[in-house]
Amino acid sequence: MSLCLPTLRRQFPALHQEVNGHPLVYLDNAATTQKPLAVLEAMSAFYRSDNANVHRASHVLSTRATAAFEAARETVARFINAWDSREVIWTRGTTEAINLVAQSWGQSLQAGDEILVSTLEHHANIVPWQLAAERKGAKVVPIPLDAHGDIDLDAYRALLGPRTRLVAVGHVSNALGTVNPVATITSLAKAAGALVLVDGAQAVAHLPVDVQRLGCDFYAFSGHKMYAPTGIGVLWGRRELLEKMPPWQGGGEMIERVSFAGTTFNRLPFKFEAGTPHIAGAVSLAAAINFLQEQDRPALLTHEQTLTTYLADQLRATPGVRLVGAPQQRLGAVSFLLDEIHPQDAGTLLDMQGVAVRVGHHCAMPLMESFNIGGTIRASLACYSTHTDIDTLIGAIQKLKEFF
Ligand SMILES: Cc1ncc(COP(=O)(O)O)c(CN[C@@H]2CONC2=O)c1O
């Protein structure tokens, strides 16, 4: 099966529009991806015929909704090669998934414990650990980067020690596109007796994720970064850990029996799923996974890798453009700056030409600080991005020079 970009792009209605009188060039995929017809139709079909609340079914629609909801969980489990679908916990997204671990597993933290967090991290993989550490007198220790923007593995090895309880690291950086050596980071953490949580938000759309091969203990991601709707995400955790972790939210579904004399809790995964879940979101995330698996994924990955290199090369060759970071391996995103043009102005002027990029700190302030900058301009790719998109971006950047 090969890759036919025009056919692929036709499946994404949002791509085919004009913005400010120009054809849309959507290069903000690290923020959120556009949605294929298969996902839009799955959500619509669910609400048209199967919509009901799940579990404790007493009628046909609820039985159908429950079957679709739990089948979606199985689809996610297979997609990430989880041992057991009970290890798949539905969340609103990556942020909620990481907060769940920080608040639940975090109750086991003791004073003096350490959590290592890379300087590349998104705030969603920094602040929950700071809140958890503060509650328990533990410490969040940043893992430094080298001059290129890669995790300094020597410094990381030196930081690992008997106090290290958990290492929190992104699979792929949302700001620089850096692909981290997660398997190596994980094996070093394991050797030191620490757990590992991987923030997979920027990886799942591009890379095959195998949690068994990665060897990590938790893996978090958002549906909206991989062609599914906003509001649905996943925390995968090793079952033996999840079984020992206390609930993090109270309410319906997560209980076995409630009385004022005391309450007992439901089994996995429901212990962590209080309240009515985003049923249509789960069903749509399964549709997004099926969509991806119907593609030639190795060809897609090659396409995205080739395009990321092309994007970086074309930016680097453009006078007045400075790339931020030079990681050994980049995928999906490139950050850059323009001489004498503030990122905010550049973003606005690119938008006036129909080109959608993201500007700012990208919820990665410690990373910006490490480069001594306030923010960047970020172009980020998806399966439907093309060389023409990048050529249009470069042309639009060259036009900016005329404004200034
Ligand atoms: C690496 C990473 N981790 C966590 C998150 C948080 O995901 P949710 O918002 O789905 O919980 C993001 C979001 N990425 C931001 C959102 O906009 N632009 C970005 O780069 C991210 O890129």
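The values are calculated or read from the model by the stated rules, or taken from the named source; none is laboratory data. No experiment lies behind these values; they were computed from the predicted model shown. Here the Cβ is made from the backbone with ideal geometry for all residues, glycine too, and neighbour counts use every protein chain on show.
The table that follows gives values for the structure above.
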item: Matching residues, region 8-60, being surrounded by fewer than 12 Cβ atoms within 10 Å (Cβ to Cβ) and in the same structural domain as THR386 (by TED's automatic domain parsing); result: HIS16, GLN17, GLU18, ASN20, GLY21
item: Verdict on GLY347 being crowded, with 18+ Cβ neighbours inside 10 Å, more than 26 Å from LEU207 (Cβ to Cβ) and within 16 Å of the ligand (Cβ to nearest atom); result: yes
item: Residue in region 63-74 that is surrounded by 15 or more Cβ atoms within 10 Å (Cβ to Cβ) and part of a loop (DSSP other than H, G, I, E, B) present; result: no
item: ARG92 being in the same structural domain as ALA191 (by TED's automatic domain parsing), under 25 Å from VAL209 (Cα atoms) and out of contact with any Leu (no Cβ under 9 Å at 6 or more places or on another chain); result: yes
item: ILE80, sole failed condition from (1) buried (at least 23 other Cβ atoms within 10 Å of the Cβ); (2) among the aliphatic types (A, V, I, L, M); (3) touching a helix residue (DSSP H, G or I) at 6+ places or on another chain (Cβ under 6 Å); result: (1)
item: Pair list, Cβ under 7 Å, 6 or more apart: region 1-25 residue among the basic types (Lys, Arg), other residue part of a loop (DSSP other than H, G, I, E, B); result: ARG9/TYR384
item: Residue in region 381-389 that is at pLDDT 95 or above, away from the ligand (no atom under 14 Å from the Cβ) and touching a strand residue (DSSP E or B) at 6+ places or on another chain (Cβ under 6 Å) present; result: yes
item: Subset of region 209-242 [basic (Lys, Arg) and away from the ligand (no atom under 13 Å from the Cβ)]; result: ARG213, ARG238, ARG239
item: Strands (runs of 3 or more DSSP E) fully within region 205-310 counting 2 or more residues that are touching a residue at least 24 places away in the same chain (Cβ under 8 Å); result: 218-222, 233-237
item: Extreme residue, nearest to the chain's Cα centre (by Cα), among residues of region 102-126 that are assigned to a helix (DSSP H, G or I) and more than 11 Å from the ligand (Cβ to nearest atom); result: ALA102
item: Exclusive hit being part of a strand (DSSP E or B), at pLDDT 95 or above, touching a strand residue (DSSP E or B) at 6+ places or on another chain (Cβ under 9 Å) and assigned by TED's automatic domain parsing to the domain that holds THR276, set ALA168, ALA175; result: ALA168
item: Hey, GLY231 surrounded by fewer than 24 Cβ atoms within 10 Å (Cβ to Cβ), more than 30 Å from ASN29 (Cβ to Cβ) and not β-branched (Val, Ile, Thr) or not; result: no
item: Restricting region 359-380 to residues that are surrounded by 18 or more Cβ atoms within 10 Å (Cβ to Cβ) and in a helix (DSSP H, G or I), the residue that is nearest to the ligand (Cβ to nearest atom); result: LEU367
item: ALA356 vs. criteria aliphatic (A, V, I, L, M), within 14 Å of the ligand (Cβ to nearest atom) and buried (at least 22 other Cβ atoms within 10 Å of the Cβ); result: no
item: Residue in region 39-59 that is away from the ligand (no atom under 16 Å from the Cβ), at pLDDT 95 or above, part of a strand (DSSP E or B) and hydrophobic (A, V, I, L, M, F, W, C) present; result: no
item: Subset of region 85-98 [assigned to a helix (DSSP H, G or I), surrounded by fewer than 24 Cβ atoms within 10 Å (Cβ to Cβ) and near the ligand (Cβ under 9 Å from one of its atoms)]; result: THR95, GLU96
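Each row is one residue, and each column tells you yes or no for (1) assigned by TED's automatic domain parsing to the domain that holds ILE185; (2) more than 25 Å from GLN329 (Cβ to Cβ); (3) in contact with a strand residue (DSSP E or B) (Cβ under 7 Å, 6 or more places away or on another chain); (4) surrounded by 15 or more Cβ atoms within 10 Å (Cβ to Cβ).
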site	(1), (2), (3), (4)
GLY106	yes, yes, no, yes
GLY112	yes, yes, no, no
GLN130	yes, yes, yes, yes
GLY137	yes, yes, no, no
ILE151	yes, no, yes, yes
ARG157	yes, no, no, no
